[in-house]
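K.L.:
Take this structure first; my questions come after.
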Amino acid sequence: MDGYVATARLMDIADSLSKPTRSLAGVVFDNPKFPMWSGASKPTQHHYGKGGLAVHTLEVAELCLKNNAYFAERAVDERHLFLAALFHDVGKIWDYEPTNEAMTEWTGNEHKCKIHHISRSGIVWSQAVDRLKLFESVHDDVLHAILSHHGLREWGSPVQPQSSMAWLLHLCDNMSARM
């Protein structure tokens with residue numbers, strides 16, 4: 001699957017959840033780099049190569065929604081969970097650059113060393129909520145899930161998961177990355 005197909009599927013999910021969800025998700029979808037960007041900087045890392053970020057994001061979103069439905073009695077709001085999954089790695093767009101025109105090789109840049117994708121993803125989420133005035137009441141809950149999606153501080157998370165949404169995102173991100 002390529003990044004454009006994955007992005008189209010993510011857009012379909014957003015459309016199925018609500019108009020405000022789709023509006024906020026548009027911040028990610030409207031970035032022309034999103035469907036092309038690599039999910040990683042090295043071939044040994046998950047979702048390496050052109051379109052890898054969108055494919056990984058789709059996997060995480062689908063895993064989150066399926067697992068959330070499985071735990072229906074304890075489920076979190078699927079719109080909030082989807083948005084956390086959608087924004088969790090968007091900061092990687094700033095962290096990696098293609099080293100050739102074909103976008104088949106990637107390298108981390110100075111931004112990655114200074115800010116890191118988790119923090120940038122949280123910034124993008126916060127700016128989108130502030131600009132669009134949508135989902136303000138759950139801003140911090142989604143932000144917490146984004147910031148804790150690596151699970152442990154030694155794995156790069158500024159905080160550890162403290163909510164069901166954060167745990168779902170962390171576990172589904174880890175599953176996508178490891179499988």
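K.L.:
Here are some conditions: (1) surrounded by fewer than 19 Cβ atoms within 10 Å (Cβ to Cβ); (2) in a helix (DSSP H, G or I); (3) β-branched (Val, Ile, Thr). Residue 142 meets all but one. Which one does it not meet?
P.N.:
Here residue 142 meets the rest and fails (1).
K.L.:
Working only within region 120-167, note down all residues that are without any contact (Cβ under 8 Å) to a residue 12 or more places away in the chain and hydrophobic (A, V, I, L, M, F, W, C).
P.N.:
Those that are without any contact (Cβ under 8 Å) to a residue 12 or more places away in the chain and hydrophobic (A, V, I, L, M, F, W, C): 152, 155, 167.
K.L.:
Of everything in region 1-10, what is of a type in the set (A, V, I, L, M, F, W, C) and closer than 16 Å to residue 63 by Cα? Give them in sequence order. Break it down stepwise before answering.
P.N.:
As a first pass, look at region 1-10 and keep what is of a type in the set (A, V, I, L, M, F, W, C): 1, 5-6, 8, 10.
Correct list: 6, 10.
K.L.:
A further question follows. Do we find that residue 79 is within 17 Å of the chain's Cα centre (by Cα) and of a type in the set (Lys, Arg) in this structure? Walk me through it before giving the result.
P.N.:
Working: within 17 Å of the chain's Cα centre (by Cα): yes; of a type in the set (Lys, Arg): yes.
Against the criterion (within 17 Å of the chain's Cα centre (by Cα) and of a type in the set (Lys, Arg)), residue 79 qualifies.
K.L.:
Please tell me if residue 39 is closer than 22 Å to residue 150 by Cα, touching a Ser or Thr at 6+ places or on another chain (Cβ under 6 Å) and of a type outside the set (Ser, Thr, Tyr). Explain how you work it out, then say what you get.
P.N.:
Values: closer than 22 Å to residue 150 by Cα: yes; touching a Ser or Thr at 6+ places or on another chain (Cβ under 6 Å): no; of a type outside the set (Ser, Thr, Tyr): yes.
When the stated conditions are applied, residue 39 does not pass them.
K.L.:
Only residues in region 22-49 that are among the polar types (S, T, N, Q) count as the first member; pair them with residues that are in a loop (DSSP other than H, G, I, E, B), Cβ under 7 angstrom, at least 6 apart or cross-chain, and list the lot.
P.N.:
23/134; 38/48; 38/49; 38/50
K.L.:
Which of the residues belonging to region 145-167 are within 16 Å of residue 82 (Cα to Cα) and either open to solvent by 30 Å² or more (accessible area, probe 1.4 Å) or over 14 Å from the mean Cα position of the chain (by Cα) (or both)?
P.N.:
Filtering region 145-167 down to residues within 16 Å of residue 82 (Cα to Cα) leaves 145-149, 163-167.
147, 163, 164, 167 - these are the residues of region 145-167 that are within 16 Å of residue 82 (Cα to Cα) and either open to solvent by 30 Å² or more (accessible area, probe 1.4 Å) or over 14 Å from the mean Cα position of the chain (by Cα) (or both).
K.L.:
Among residues belonging to region 107-126 that are within 29 Å of residue 140 (Cβ to Cβ) and polar (S, T, N, Q), point out the one that is surrounded by the most Cβ atoms within 10 Å (Cβ to Cβ).
P.N.:
That would be 121.
The values are calculated or read from the model by the stated rules, or taken from the named source; none is laboratory data. Remember, it's a predicted structure, so these values are computed and weren't measured experimentally. Methodologically, a virtual Cβ is constructed for each residue, glycine included, from the backbone with ideal geometry; neighbour enumeration extends over all protein chains shown. Remember, those area values only see protein heavy atoms, side chains included, never the ligands or the DNA or RNA. Shrake-Rupley method; radii C 1.70, N 1.55, O 1.52, S 1.80 Å.
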